[in-house]
Amino acid sequence: MSARRKARQTRRFYTLTAASTLIPGLGLIPTRRRTGQVIVGAFLVALLGLLGYALATGLMSSVINVGVSRTALMIAVPLMFIAMCVWIWGIVTTARDNMPEGTRGMPKVAMVVFTAFAATLIFAPAAQSMRYAVIQHSLIGSVFDTLRPDGAAAPGDGPDPWSDTGRVNIMLVGSDADTDREGIRPDSIMVASVDTDTGETVLFGIPRNLQNIPFSEDNPLHEEYPDGFNCGDQCLMEYVWTLGEDNKELFPEDTNPGLAVTKDAASQVLGLDIDYTTVINLEGFTQLVDAMGGVSIHVKERVCIGCKIDPATGQTVGTTGWIEPGYRKLDGYRALWYSRSRAGSQDGDFSRMRRQRCMVGALLNQVNPTTMITRYPALAKTLEDNVRVDIPQQDLDEWAELVLRIQKGGKIKSLPLTNQNVDVNDPDYDKIHAMVDKAIDPPKPKKKPSSAPKPKPSPSTPSSSSSTTTPDDSLSDITATC
């Protein structure tokens, strides 16, 4: 064989093998015309179908819709496996059909390595995609419920599934359940109220030391506590969960009476109908932050680690370290103590609520799609082991649409109920309900008449920066609370 002919066949080998790598079956057409055309045709039809679906529903929406459907994921995995096998078969067959006769030594090794590399380019992403699909399928089944809670606001049919639902309210509970703890006392309770039209969301923080907790008339505990859960510092919001568990015989149809009573209490405190609940435990929070690669946060006050308050003396004991003020990158362990430590703080529980509010904002600020994808297996494992959500699986498609609305145009604001706006020992619930109503449906601003600019403050006049030590517990953007 002449050197020129051999060089031409070598170029043909690399060109056609590369063609079958870029488009499945393309390099087969010169040697296996009908087989190559069928594979290329099937690829183009599938590609056009996917593009059409993406254009019709939006690229992000189409990806999310598949990702939240267990049925779609079950179908996608075998289809991806078949497509991968056919694609790799086309690459290997193209290489075998076009390898020059008599090729030996280093040229043959180079061709084999090139073919293996081309096959790996298809195998690696396909295998990872199938792995993620299997993980996601398991995650949905473990984290989300199969039945919708009774009376919960729900999406409907039609182009806008949320058009008949004005708001959806979700209670978020940080549970202190752990291997070394007996029972559950919610470490934090927040309620997210979402405007389904705009995606604007208000996050309300309920203090754990709130007293005189009201129950609805439908709650079996209302008969025992008609004026609220009001026996002093032994009847706080944090003990409502335990109260439900201790009276589980009153809730024969509830598998989790503690959660049910806490949900009812939070609803009465805020004057909102709570539709859904999300519960995450302490270990889950630690793992979540670690899976995200840590969290960057502005620490405003010195926070002790490992500390607690001695009930006999009221002193802080057990401190093993400190989180110092300043801009810090916290791992899961330190992020947990930053969020739940109340010993040694200026305002105890209220200071902790402010830090929890700050932590939520910091985590939201750092949600990055690329990071989430690369760390997805660890994130999914954490969620599967430590998070429970009673949103039904069959509604996840519509919830994905609502999440996109929040992401695209909805601001997330927060309003904690602290000692700045609530007397936790004798709360005025009418006042709280009015605050909540104003937060979710603020009055339209009135046009102000034009006036001369206000004079600048003199050196003796305190400027706005002089009050930075006073915590701001007013309604504000959650991502700017630090």
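The values are calculated or read from the model by the stated rules, or taken from the named source; none is laboratory data. These numbers come from a predicted model, not from an experiment. Heads up, the Cβs are rebuilt from the backbone with ideal geometry, glycines too, and the neighbour counts pull from every protein chain shown. All accessible areas refer to the heavy atoms of the entire protein, side chains included, with ligands and DNA or RNA removed. Shrake-Rupley method; radii C 1.70, N 1.55, O 1.52, S 1.80 Å.
Listing for the model above:
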quantity: For segment 151-166, 3J(HN,Hα) per residue [Karplus equation, 6.51 cos²θ - 1.76 cosθ + 1.60, θ = phi - 60°, Hz, x = Gly/Pro]; calculated: x, 6, 4, 9, x, x, 9, x, x, 10, x, 9, 5, 9, 10, x
quantity: Segment 293-356, Cα convex hull volume normalised per residue, Å³; calculated: 71 Å³
quantity: Net length gained if the chain between Thr316 and Thr35 were fully extended (0.36 nm per residue, minus Cα distance); calculated: 93.5 nm
quantity: For the chain, calculated [θ]222 nm from helices alone, where every DSSP H run of n ≥ 4 adds -39500 (n - 2.57); calculated: -15000 deg cm²/dmol
quantity: Solvent-accessible area per residue for segment 187-243 (1.4 angstrom probe, square angstrom); calculated: 38 Å²
quantity: Segment 391-415 residues near the modelled Ser163 label - backbone nitrogen below 20 Å, point 7 Å along Cα→Cβ; calculated: 395-406
quantity: Spin-label pair Ala378/Asn230, simplified geometry with 7 Å Cα→Cβ offset, distance in nm; calculated: 5.0 nm
quantity: For segment 21-27, Karplus couplings with θ = phi - 60° (6.51, -1.76, 1.60), whole Hz, Gly/Pro x; calculated: 7, 6, 10, x, x, 4, x
quantity: FRET efficiency, 1/(1 + (r/R0)^6) with R0 60 Å, evaluated for Lys6 and Gln407 via beta carbons; calculated: 0.55
quantity: Per the chain, cysteines lacking a partner by the 4.7 Å Cβ criterion; calculated: Cys85
quantity: 3J(HN,Hα) from dihedral phi, segment 5-16, Karplus parametrisation 6.51/-1.76/1.60, rounded to Hz, x for glycine, proline; calculated: 5, 5, 5, 5, 5, 5, 4, 4, 4, 5, 5, 6
quantity: For segment 213-336: relative contact order, % (alpha-carbon pairs under 8 angstrom, 6 or more apart); calculated: 19 percent
quantity: Distance between segment 351-365 and segment 13-38 - C-alpha centres, whole angstrom; calculated: 55 Å
quantity: Those aspartates and glutamates that a straight Cα-Cα span of less than 15 Å connects to Lys413, excepting residues fewer than 8 apart in one chain; calculated: Asp195, Glu200, Asp437, Asp441, Asp472, Asp473, Asp477
quantity: Neighbour-limited loop hits for trypsin sites (Lys or Arg not before Pro), segment 6-109 (at most 10 other Cβ within 10 Å; DSSP other than H, G, I, E, B); calculated: Arg104
quantity: Rel. contact order, % - alpha carbon contacts under 8 angstrom, at least six apart, the chain; calculated: 17 percent
quantity: Ordering of 352-358, 61-67 by burial proxy (mean other Cβ atoms within 10 Å per residue, highest first); calculated: 352-358, 61-67
quantity: Per-pair calculated FRET efficiency, R0 = 30 Å: Thr255 and Glu301 via Cβ, rounded to 0.05; calculated: 0.15
quantity: Per-pair calculated FRET efficiency, R0 = 35 Å: Lys438 and Asp331 via Cβ, rounded to 0.05; calculated: 0.35
quantity: Formal net charge of residues neighbouring Gly151 (Cβ-Cβ distance under 12 Å; K, R +1; D, E -1); calculated: -3
